[in-house]
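Read through the structure below, which is laid out as structure tokens, and then see the notes.
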């Protein structure tokens, strides 16, 4: 009986400590394209702003739907286009927006498979024509660019039967890692996070496009000062090496 009581007390204490740890947490909605950066910087962010972070990752499209349905958040880290849309809808605080990094699109194959040549548009076209199947996210930030690239290479119609469009880039990359699909195209910042695939490289410069990312504080942020401090930290010059290591290019820091 005593042991059971002590166990109950211990559980209550644990839950109380967990709740206390979350008090003052900054609730962040972060795009998958920024996941690698945010995960690495999280401990530094928390020390810098004096608050723990509670982070939810998903595609920008899915997170915007969540925000538009009324979900509460302190900071949104999305594509720059997504942040601009939230500004128009008055869902983020005026003047809190900052754009801080961009990522190009890359192509990957299953680990251990020969890496195809994609160094030129002609080589990329040949690789995509020869690929048995191609995966990318139907709701991903890079989809519009990939669709246009296929059209530019004259592959839009021919590639349709072998394209696998997934909900989010995670399943697209997983399908290649498992051998279900031959190649995957998505942001370099996402490819670098995934086990079971080998990156053939970024798309050639002639057809490369970049997706930029930024952040803004929610219009109803619980602690606007902490939200703005987090955004300022992500925009600081000290974070540039992390962006580079995660397949991104930091934009010039604000002055």
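Every number here is computed from the coordinates shown, using simple stated rules; none is lab data. This is a predicted model, so every value here is computed, not measured. Every residue, glycine among them, receives a Cβ derived from its backbone with ideal geometry; neighbour counts consider all protein chains shown.
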Item to complete: Determine, for each peptide in 26-32, 88-94, 36-42, the mean count of other beta carbons within 10 angstrom over its residues, then list the peptides with the highest first.
Response: 26-32, 36-42, 88-94
Worksheet, complete the sentence: Here the percent of antiparallel bridges among DSSP beta bridges lying wholly in the chain, to the nearest 5, is 60 percent
Worksheet item: According to the square roots a ≥ b ≥ c of the eigenvalues of the Cα gyration tensor, what is the shape class of segment 48-159, taking rounded for a/c under 1.5, prolate for a/b larger than b/c otherwise, and oblate for the remainder?
Response: prolate
Item to complete: Would you mind ranking 69, 169, 212 so that the residue whose beta carbon has the fewest other beta carbons within 10 Å leads the list?
Response: 69, 212, 169
Worksheet item: What is the chain by shape, rounded, prolate or oblate, if you read a ≥ b ≥ c off the alpha carbon gyration tensor as root eigenvalues and call it rounded for a/c under 1.5, prolate for a/b larger than b/c, and oblate otherwise?
Response: prolate
Worksheet item: So how far, in whole Å, is the C-alpha centre of segment 179-197 from the one of segment 93-172?
Response: 10 Å
Worksheet item: What is the distance, in nm, between label points placed 7 Å from the Cα along the Cα-to-Cβ direction at residue 180 and at residue 81?
Response: 2.6 nm
Worksheet item: Sorted by mean Cβ packing within 10 Å, highest first, what order do the peptides 129-140, 71-82, 149-160 take?
Response: 71-82, 129-140, 149-160
Worksheet item: Rounded to the nearest 500 deg cm²/dmol, what is the calculated helix-only ellipticity per residue at 222 nm for the chain, with -39500 (n - 2.57) per DSSP H run of length n ≥ 4?
Response: -12500 deg cm²/dmol
Practice prompt. Please give, to one decimal in nm, the separation of the simple spin-label points placed at residue 249 and residue 54, each 7 Å out from Cα toward the Cβ.
Written response: 3.7 nm
Discussion item. From Cα pairs below 8 angstrom and at least 6 apart in sequence, can you work out the relative contact order of the chain, rounded to a whole percent?
Written reply: 30 percent
Worksheet item: Taking only Cα atoms, what is the 0 to 90° angle, nearest 10, from helix 35-49's long axis to the longest principal axis of the chain?
Response: 30 degrees
Worksheet item: Can you give the % of DSSP beta bridges in segment 104-202 that are antiparallel, to the nearest 5?
Response: 60 percent
Worksheet item: residue 160 versus residue 40, label points 7 Å from Cα toward the beta carbon: distance in nm?
Response: 4.1 nm
Worksheet item: Taking R0 as 25 Å, what's the FRET efficiency between residue 94 and residue 209 from their Cβ-Cβ distance, rounded to 0.05?
Response: 0.30
Response to the item:
Per its Cα gyration tensor (rounded if a/c is under 1.5, else prolate when a/b beats b/c, else oblate), segment 104-202 is best filed as rounded
Item to complete: Could you work out the relative contact order of segment 104-202, using alpha carbon pairs under 8 angstrom and six or more residues apart, expressed as a whole percent?
Response: 49 percent
